[in-house]
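Below is one structure, written out as structure tokens; the observations come after it.
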Amino acid sequence: MSDNDDIEVDSDADKRAHHNALERKRRDHIKDSFHSLRDSVPALQGEKQSIKQASRAQILDKATEYIQYMRRKNHTHQQDIDDLKRQNALLEQQVRALEKAKGHTQLQASYSSSDSSLYTNPKGSAVSAFDGGSDSSSESEPEEPPNRKKLRVEAS
């Protein structure tokens, strides 16, 4: 054997050792990933302390089941959110309609209650119905929010 043959043998051995190291690293990464997946699935979270650990196939099966369960749950929650948004929009529409109706009835009441262009305010002074002002509130003051119905909770 010549010196060149020894170098090639060492080179082949180095290549094999390097390849084996890379393969070991890849397998360790896959193993760690399966452990991480196992720890993420609630049905498998206690498996690392148990005597019989879940196989890779069992981990994949349980992870698939859990993902499908979470998708169904998310879909249900999204439907609930959409229903609540529709309900909220309807309630807001009802509030606007009631506020509009309230405004019309107040306007009609003020026109029908005044027999002349002058009336007496609560302080006793005469005020013109056409002056555009009122003593009760000004435009710069915010109105009190309308009383909202509160949910009554019965003790059981």
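Annotations
- Within the shell defined by Cβ-Cβ distances under 14 Å, the residues around residue 30 carry a net charge of +4, with Lys and Arg each +1 and Asp and Glu each -1.
- Highest average first, the peptides 17-29, 57-69 ordered by how many other beta carbon atoms sit within 10 Å of their residues are 57-69, 17-29.
- Approximate spin-label separation residue 101-residue 58, in nm, with each point projected 7 Å along Cα-to-Cβ: 6.4
Rule-based calculations on the coordinates, nothing more; no lab input. These numbers were taken from a predicted model, which means no experiment stands behind them. All Cβ positions, even for glycine, are placed from backbone atoms using ideal geometry, and neighbour counts span all protein chains on display.
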